[in-house]
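All of the numbers you see were taken from the coordinates with simple rules; none came from a lab. Just so it is clear, the model here is predicted, and its values are computed rather than measured.
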């Protein structure tokens, strides 16, 4: 008698994870912050969580809805970090540590509201913008001690920019050392003694002469529209209408949107490198060079906020010079780091990079913030702040 039993292969029953929606949102946030909203397909996100597109659409009807959900999740995390930090308002270290921990753990999250949120409609962005303002205001109120002094508020706002600055660069350290470097940077900002914050003035109508070149007019118009509508959301028809040309006539002066953006970014990089070369050639020592670099950069960031904004938000735009631009930015920052380390030889290179990058990003972030862009002595304020942060 054959008592062997025929055994059938066991069928694995796949159970839907209870947190599938959360997994989808996290995958989407990661993709959007790493690749850019316009470069991500719904199928990419579905594949990341091992589901089909139809299953994804049962949860979210569009990429925009996913971006809204990813923004909500990260803003909630930042809000929780700030709430945890301000539970003991007198403990400055606790406040800074909590947000620094968020920045290290959720490093690319700020890119969702600083860069990718521009792809949302005004209706979609409005409640997220209100949430972001509320979160920032809570942090600022905690660090400024409820002080209504505008200088204290500006320092607290700058400290938050510095803490979240790792989103915009790739330099890293072990988590504890990374948090420590960010906290050190934020403390330097909060300890800075600033001139009185000047008057807020309504920007006057453009003065001076308009360029004679049609190409220059097109480039200037394109840059303004990129800032308002995003590079991806701008059509050549929009730029043509702004300068009073037909779209077909526009092609007589520029090849594409990428041509406009590349021109702006190359000029911005070129200006910074030329001024860097001039300063290094005439500086008496490293401190003199760093002081002058800070002043020139702060002035440039305030005068041409739309250019520095493009340099940190649109560098991934299609074109043939992206790597050249990135290399130029890396070399520029490296010169700052070299000067900083000459003044502070005890700082390790990675920590020095984090502090320098954080200072540069703080200048850019405050200069492009419309709340401060109209302050008449903003360049002086940022120069004073950054100089005290880097030279001590």
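Against the chain, whose longest principal axis is taken from its Cα atoms, helix 257-282 shows a tilt of about 50°.
When restricted to Cα atoms, the chain yields an Rg and a Dmax of 23.9, 105 Å, respectively.
For the stretch 193-316, compute the orientation-averaged projected area of the C-alpha convex hull (one quarter of its surface), in nm². Present the calculation step by step, with values, prior to reporting the outcome.
Working: hull surface 41.8 nm².
Here the figure is 10.4 nm², rounded to one decimal.
Could you state the angle between the C-alpha long axis of helix 63-85 and the longest principal axis of the C-alpha atoms of the chain, as a value from 0 to 90 degrees rounded to the nearest 10? Taking the Cα atoms of the chain, the angle to 63-85 is about 70 degrees. The alpha-carbon atoms of the stretch 76-219, seen along their principal axes, cover 57, 34, 33 angstrom, with the largest extent given first. Helix 322-343 and the longest principal axis of the Cα set of the chain meet at an angle near 60°. Taking every Cα-Cα distance in the stretch 250-308 and sorting them into 10 Å bins from zero, the calculated P(r) comes out as 21, 39, 24, 12, 4 percent. The radius of gyration of the Cα set in the stretch 110-180, together with its Dmax, comes out at 14.6, 41 angstrom. Normalising by residue count, the stretch 323-392 has a Cα convex hull of 91 Å³ per residue.
With the alpha-carbon atoms of the stretch 20-144 aligned to their principal axes, the span from lowest to highest coordinate is 51, 29, 22 Å, starting with the largest. Restricting the calculation to alpha carbons of the stretch 214-390 gives Rg and Dmax of 17.8, 59 angstrom.
For the chain, the 222 nm mean residue ellipticity estimated from helices alone, with every DSSP H stretch of n ≥ 4 adding -39500 (n - 2.57) and the total spread over all residues, rounds to -22000 deg cm²/dmol.
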